[in-house]
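Participant: First the structure, then my questions, so here it is.
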Amino acid sequence: MASPTAVLETRDLTIQFGGHVAVNRVSCAFQAGTLTAIVGPNGAGKTTWFNLISGQLRASAGSVHLFGEDITGLGVAARADKGLGRAFQLTNLFPDLSALENVRLAVASRHRIGHVFWQMASKRRDITDRAAEYLRQVNMHHRADDVVANLSHGDQRKLEVALMLALEPTVFMFDEPTAGMSVDEVPVILDLIAQIKQREDKVVLLVEHKMDVVRSLADRIVVLHNGELVADGEPTEVIASPIVQEAYLGVAAEAEEGA
């Protein structure tokens, strides 16, 4: 049985590529109003686990549950429709449209205003206003009319966060959301994630290598190593555990010392 308070749960989730088990029987439940950081060394299985949860990969064994429903057999779009939001891999940007047009299409899709999304969305002021507000939240309102192909990598990543916000998910999945951003751009996304965390009806999952970010945002840390869940608990407890020091933090510390 799923935990009665779990919004999202994986049960013995496993994927095998040939003879290599990339994620091995990972069971974990996530409650509303929490932000969980998923950490581990390169190759630990973090992004693969994310891909299994959001539907980019099909599990070899185990299951994924959302609000107690088994969604293991559903594809990416169906999982998104039920409330799973995956930043940077959930939706492809339309490079020849403007930033506002991209978000407007996402808003139209979420609210099912019609099959011809572009014509319908462009004629409705409420849809445009809502899209503009999502751009404002990621500090992209001043680039609303810019064609996506002309945006910097950092701005495109912020735009993808705006698209995820427009789809109004219950579960927000961020995979290294600040990678490729300038120092000035990072606080915008981190502040936005912190705001989402405050909403008691949302679940936030964050794959992140920067431990200062993890310490500032996480209510809980899950550690993967060699595809297995090796630690799970409050940040101070997990960070201090010997297995984390050896498997992840020690490696990071050595790299920083050598930098």
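Since every read-out is calculated from the coordinates, none of them should be taken as a lab result. Given the structure is predicted, the values throughout are model-derived calculations rather than measurements. We place every Cβ from the backbone using ideal geometry, glycine too, and count neighbours over all the protein chains shown.
Participant: With label points built 7 Å along Cα→Cβ from the Cα atoms of Phe67 and Glu168, find their separation and express it in nm.
Facilitator: Each label point is offset 7 Å from its Cα along the Cβ direction, giving 1.3 nm.
Participant: Can you count the Lys pairs in the chain with C-alpha separation below 20 Å, eight or more apart or on different chains?
Facilitator: The result is 7.
Participant: Run lengths n ≥ 4 of DSSP H only: what is the helix-derived mean residue ellipticity at 222 nm for the chain, with -39500 (n - 2.57) per run over all residues, to the nearest 500? Don't jump to the answer; show the numbers that get you there.
Facilitator: Working: 10 runs with 97 residues, N = 259.
Mean residue ellipticity at 222 nm (helix-derived): -11000 deg cm²/dmol.
Participant: What is the spin-label model distance, in nm, from Asp12 to Arg124 if the labels are put 7 Å beyond Cα along the C-beta direction?
Facilitator: 4.4 nm
Participant: When the Cα centres of the stretch 20-89 and the stretch 171-189 are compared, how far apart do they sit, in Å?
Facilitator: Between the Cα centre of the stretch 20-89 and that of the stretch 171-189, the gap is 20 Å.
Participant: Mind sorting Ser63, Ser216 by how few other Cβ atoms lie within 10 Å of their own Cβ, fewest first? Don't skip to the end; give the middle numbers.
Facilitator: Values: Ser63 18, Ser216 12.
The most exposed by this proxy come first: Ser216, Ser63.
Participant: Write down the percent of antiparallel bridges among all DSSP beta bridges whose residues are both part of the chain, to the nearest 5.
Facilitator: Numbers: 21 of 38 bridges.
Expressed as a percentage, antiparallel bridges in the chain total about 55.
Participant: Using Cα-only point scatterers and the Debye equation, what is log10 of I(q)/I(0) for the stretch 105-237 at each q in 0.09, 0.14, 0.21 Å⁻¹, rounded to two decimals?
Facilitator: Taking Cα atoms of the stretch 105-237 as identical point scatterers yields -0.33, -0.73, -1.30.
Participant: Return the tail of the calculated pair distribution for the stretch 152-224, meaning the percent of Cα-Cα pairs more than 19 Å apart.
Facilitator: Numbers: 815 of 2628 pairs.
Here the tail beyond 19 Å accounts for 31 percent of pairs.
Participant: If I model a spin label as a point 7 Å beyond the Cα along the Cα-Cβ vector, how far apart are those points for Glu237 and Phe94 in nm?
Facilitator: 4.8 nm
Participant: Then there's this: Ranked by Cβ crowding within 10 angstrom, fewest neighbours first, how are Leu97, Leu35 ordered?
Facilitator: Working: Leu97 16, Leu35 22.
Exposure proxy ranking, most exposed first: Leu97, Leu35.
Participant: Suppose R0 equals 25 Å. What FRET efficiency, 1/(1 + (r/R0)^6) with r the Cβ-Cβ distance, do Arg199 and Arg136 give to the nearest 0.05?
Facilitator: Numbers: r = 18 Å, r/R0 = 0.71.
Efficiency, from the Cβ-Cβ distance: 0.90.
Participant: Run through the DSSP bridge list for the stretch 107-238 and note the antiparallel percent, rounded to the nearest 5.
Facilitator: On the way: 5 of 10 bridges.
Taking every DSSP beta bridge within the stretch 107-238, about 50 percent pair in antiparallel fashion.
Participant: Any idea what % of Cα-Cα pairs in the chain are farther than 34 Å? Walk me through the intermediate numbers first.
Facilitator: On the way: 6353 of 33411 pairs.
Here the long-distance tail beyond 34 Å is 19 percent of all Cα pairs in the chain.
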